[in-house]
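Enquirer: One structure follows; several queries about it will come next.
The values are calculated or read from the model by the stated rules, or taken from the named source; none is laboratory data. The structure presented is a predicted model; accordingly, all values stated were derived computationally and were not measured. Cβ: placed from backbone, ideal geometry, glycine included. Neighbour counts: every protein chain shown. For accessibility, only protein heavy atoms count, side chains too; no ligands or nucleic acids. Shrake-Rupley method; radii C 1.70, N 1.55, O 1.52, S 1.80 Å.
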Amino acid sequence: MHYFIIPSHVTFLSHFFHDLLITTFTTMKHTFYILLIALLWSCSPKTTQLADSTPPPAIGAETAMMETKVDSSTDAMVPTKTDPMDEAVPTDDRLTMGVLPNGIHYYIQENARPEQRAEIRLAVNAGSILEDDDQLGLAHFVEHMAFNGTENFEKNELVDYLETTGTRFGPDLNAFTSFDETVYMLQVRTDSTELFDKGMQVIRDWANGITFADEEIDKERGVIVSEWRTRLSPDQRMQQKTFPVMYQGSRYAERLPIGKMDIVENAPYDVLRRFYKEWYRPDLMAVVAVGDFDAAMVEKKIKALFGDIPEAADARPREKFEVPFHDETLVSIASDKEASFTNVNIMYKHDRVETKTVGDYRSSLVRSLYNSMLGARLQEISKQPDPPFVFAYTGYSADVGDLDSYSSFAFVPEGKGPAALEMLLTENKRVLQHGFTSSEMDRAKKNLIEGAERAFKEMDKTESNRIVMNYVYRYLDDAVTPGPKQKLDLYNQFLPTIELEEVNALASKWIKDDSRVVVITGPEKEETPLPTEAEVMSMLDKVDAMDVEPYVDDVVDVPFFDKKLSPVAIAESKKYEDVGVEYFELSNGVEVYLKQTDFKNDEILMSATSPGGSSMYNDEDYFDASNSARIVNEAGVGAFSPTQMQKMLAGKSASASPYVGGLSEGFNGSASPDDLEIMFQMVHKFFYEPRIDEEAFTSFIDKQKGIYKNLMSNPNYFFSDYVSKFKFDNHPRVGFPKESQWAGLDYDKAMSIY
């Protein structure tokens, strides 16, 4: 997707589908990168300001930083101490940054992974929010035109260059447009000066050399219309209803990046060129380069290539656009016949909270602890029998413009919108009335520290594409960018000082009756209608009048592994020197292959496999066999449910899970060297103590039915399913599972197969 209506740095939700990510995060802007794993959908609307490039003093210095002022009685210069908490958050000391005389900012960092490659970004502080009334959709159109010819590259030459770098051509993969920004992305080769220089020239041309040939503009109109029809049409249609409510009274309600197709199809050439001329200018752009290169060399190239771009004469002011607050609760219900999923979102609007000083950074950690703890509670609820949602998240984060939001979101099985809404409101009320527990706080702190420690240990093995967007948003959002070591120091300095009362106090600030918005979207079906606005308001009143019980932290107070095991002998061993592999066979027949690598500093990967899998079973038993390991994984091991295991593993880095594939079965796992034994203990327990838990089985089935029930209403999923079945002659092992298949899973048979 290269137009973004998501005002978020998103980072999480790896388990679900590509389109679900689009539907899910339309209102939250999360600054943590769960990497999502799956995709990093980044788009954060803000203004530009470059922090001082002078490194700040070390945090926690024995003496406070000194400044001087004039004593009014003597005119003498006398020293005065400043509060260390007012010092600026330190910047990664590997970063080189500056501002060219014409106003272009640049950020450069050497990074060796991947070798002989670099990630280059052009960040433009201009998006659909700046479109005039006759330009709706043209910010996105400009982005498309960047791939249709520039001053130094004909369209085909640009395609040829991108392919030499291993990049699949197309704006879908190389740029995105959001409300407040447009970002162009390239991976370039650094083992060839010619190819690297070409890549830098492409970025330079995008900044100030798109040609906008009339015939190319006309060709691209149909491309954008086709994209609009096929990519996000159900979600777009619903967002056109919900955004005017969410951002009522603001320009954001009227400037979705995809725009209006009648303007895209008919806008005069000069109207499109006008957007480029007015907003693609040096004072609104930054170049970011992270990769396997010499930073001084890249800095020289940036100065030479971008320094001659002229400043804009009579530049239009780059306005900020506010989202007004409101006294009442606003409700928006939107349905679509092609929608696949139901989503519930509760949004509380707040003024932007900036993070600039180390004191601000400490406050951001307080917010992170809150987000983490409530997120863990909601994840625990999702594992209950007949859960009201498949996935849910609550947290405080940046939104559009100068707006922050405290939002609760749930991805909901069809027909359970009211139940999910009640559960989200109730869990927020539970925190408001009773707060979190000290044991939850201890785990959240351990997990934050463990993540920071892992990032520090892996800092020289981190891929450039994981780093580069930090600096894009340093420019666009004025975000702080401490390095992994500095971040770990800040965590170690501040997390021990944060008290539970500080975190619990946030709920009363965030949860309020005014400036609240409830948005529910989902399939348009008579048998499972979405709730009405009146029903939503009634639910709000119902929960508001509730007294809820405090949260009970369900932990297992027994050792995870207390068996005394006797080692078996090694029956045979050998080394394969040519590939650096050591092999040995245990006397029980298990064969082991060990290979030492330098890919990661703090990670050991494990895979165990044996031939067999679901192919060993007939078609009638195939579905039970193929899901057997997933069912076991949902239940946990021994006395520990998955939630209790997660609590036990707080602050540790270890995981293991079984699988049953088509032709094999086995385990996958990973661990830090310090936690390797825990990973092997988990594997042992999955062999000997798989947990019998029919409630976990019921929860698993209910969630899967919720995901798949309405999937075929989406034309993309329907087409994919149809093609698969056509190719394989409607074989029962091919295609998306039906709701009836999930309902027909046999727990005893699946456990027996496992």
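Enquirer: Calculate how steeply helix 358-382 sits against the longest principal axis of the alpha-carbon atoms of the chain, using the helix alpha-carbon long axis, and give the answer as 0 to 90 degrees to the nearest 10.
Expert: 40
Enquirer: In whole angstrom, how long is each semi-axis of the equivalent ellipsoid of segment 377-443, when you take the square root of 5 times every eigenvalue of its Cα gyration tensor and sort them from largest down? Show your work: numbers first, answer last.
Expert: Working: eigenvalues 86, 70, 23 Å².
The equivalent ellipsoid of segment 377-443 has semi-axes of 21, 19, 11 Å.
Enquirer: Further, regarding this structure: Using alpha carbons only, how many angstrom separate the centre of segment 558-598 from the centre of segment 689-748?
Expert: Segment 558-598 and segment 689-748 have Cα centres separated by 37 Å.
Enquirer: Just from its helices, what would the mean residue ellipticity at 222 nm be for the chain, if runs of 4 or more DSSP H residues each count -39500 (n - 2.57) and the sum is divided by every residue, rounded to the nearest 500 deg cm²/dmol? Don't skip to the answer; put the middle values down first.
Expert: Working: 25 runs with 288 residues, N = 754.
The helix contribution divided over the chain gives -11500 deg cm²/dmol.
Enquirer: Please compute the per residue accessible area over the chain with all protein chains in place, 1.4 Å probe, rounded to a whole number of Å².
Expert: Heavy-atom SASA per residue in the chain reads 45 Å².
Enquirer: Moving on to the next point. Given axes a ≥ b ≥ c from the Cα gyration tensor, I'd like to know whether segment 570-691 is rounded (a/c under 1.5), prolate (a/b larger than b/c) or oblate. Mind dumping the intermediate values first?
Expert: Values: a/c = 2.05, a/b = 1.18, b/c = 1.74.
Taking the square roots of the gyration eigenvalues as a ≥ b ≥ c, segment 570-691 is oblate.
Enquirer: Now for a separate question. Any chance you could list the semi-axes, whole Å, largest first, of the equivalent ellipsoid that the Cα gyration tensor gives for segment 359-406, using √(5λ)? Intermediate values should be presented prior to the final figure.
Expert: Numbers: eigenvalues 141, 39, 4 Å².
Those come to 27, 14, 4 Å.
Enquirer: Hey, could you grab the Kirkwood Rh for segment 436-578? Inverse mean 1/r over distinct alpha carbon pairs, Å, one decimal. Each step should come with its number before you reach the end.
Expert: On the way: mean 1/r = 0.0451 Å⁻¹.
About 22.2 Å, per the Kirkwood formula over Cα pairs.
Enquirer: With a 1.4 Å probe and every protein chain left in place, tell me how much accessible area D674 has, in Å² to the nearest 10.
Expert: 130
Enquirer: If the limit is 25 Å between Cα atoms, which of K564/K749; K155/K277; K461/K485; K575/K652 go over it? Intermediate results must be reported in sequence, preceding the final value.
Expert: Working: K564/K749 31 Å; K155/K277 20 Å; K461/K485 14 Å; K575/K652 32 Å.
Too far apart for the 25 Å limit: K564/K749; K575/K652.
Enquirer: Could you pull out every one of the lysines with an alpha carbon less than 16 Å from that of K703, ignoring same-chain neighbours closer than 8 positions?
Expert: Result set, ordered by chain and number: K383, K416, K738.
Enquirer: If you don't mind, another one. Can you give me the solvent accessible area of H350 with a 1.4 Å probe, rounded to the nearest 10 Å²?
Expert: 20
Enquirer: Quick one: Kirkwood hydrodynamic radius for segment 377-491, alpha-carbon pairs, angstrom, one decimal? Before the final figure, lay out each step's value.
Expert: Values: mean 1/r = 0.0579 Å⁻¹.
This gives a value of 17.3 Å.
Enquirer: Would you list, by chain and number, the lysines whose Cα falls below 18 Å from the Cα of K303, excluding same-chain residues fewer than 8 positions away?
Expert: Of all the lysines, those that pass the test against K303 - Cα under 18 Å, at least 8 places apart if same chain - are K198.
Enquirer: List the aspartates and glutamates whose Cα sits under 14 Å from the Cα of K647, skipping any in the same chain fewer than 8 residues away.
Expert: E380, E440, D442, E450, D553, D554, D557
Enquirer: Also, I was wondering about something else. At most 15 other Cβ atoms within 10 Å and a DSSP loop assignment: could you name the trypsin sites (Lys or Arg not before Pro) in segment 631-733 that fit? Intermediate results must be reported in sequence, preceding the final value.
Expert: Values: sites: K647, K652, K685, R691, K703, K705, K709, K725, K727, R733; in loops: K652, R691, K709, R733.
Counting only loop positions with at most 15 other Cβ atoms within 10 Å, the trypsin sites (Lys or Arg not before Pro) in segment 631-733 are R733.
Enquirer: Also, I was wondering about something else. Measure nothing fancy, just the Cα-based angle from helix 155-164's long axis to the longest principal axis of the chain, in degrees from 0 to 90, nearest 10.
Expert: It is inclined by approximately 50 degrees.
Enquirer: Using a Debye calculation, one point per C-alpha and no hydration shell, please list log10 I(q)/I(0) for segment 314-468 at q = 0.09, 0.15 Å⁻¹ in order.
Expert: -0.42, -1.05
Enquirer: Additional query: Loop-only check: which trypsin sites (Lys or Arg not before Pro) in segment 304-340 are DSSP coil with at most 13 other Cβ within 10 angstrom?
Expert: Values: sites: R318, K320, K337; in loops: R318, K320, K337.
The qualifying sites are K320, K337.
Enquirer: Largest first, how would D314, D83 line up by accessible area (1.4 Å probe)? Present the calculation step by step, with values, prior to reporting the outcome.
Expert: Details: D314 150, D83 80 Å².
The ordering from most to least exposed comes out as D314, D83.
Enquirer: Still on this model: I'd like the orientation of helix 193-208 relative to the chain: the angle between its Cα long axis and the longest Cα principal axis, in ° from 0 to 90, rounded to 10.
Expert: Tilt of helix 193-208: around 70 degrees.
Enquirer: While we're looking at this one, here's another question. Report, in whole Å, the centroid distance computed from the Cα atoms of segment 609-624 and segment 215-294.
Expert: Measuring centre to centre over Cα atoms gives 48 Å.
Enquirer: Using only protein heavy atoms and a 1.4 Å probe, report how much of F599 is accessible, in Å² to the nearest 10.
Expert: We get 130 Å² for F599.
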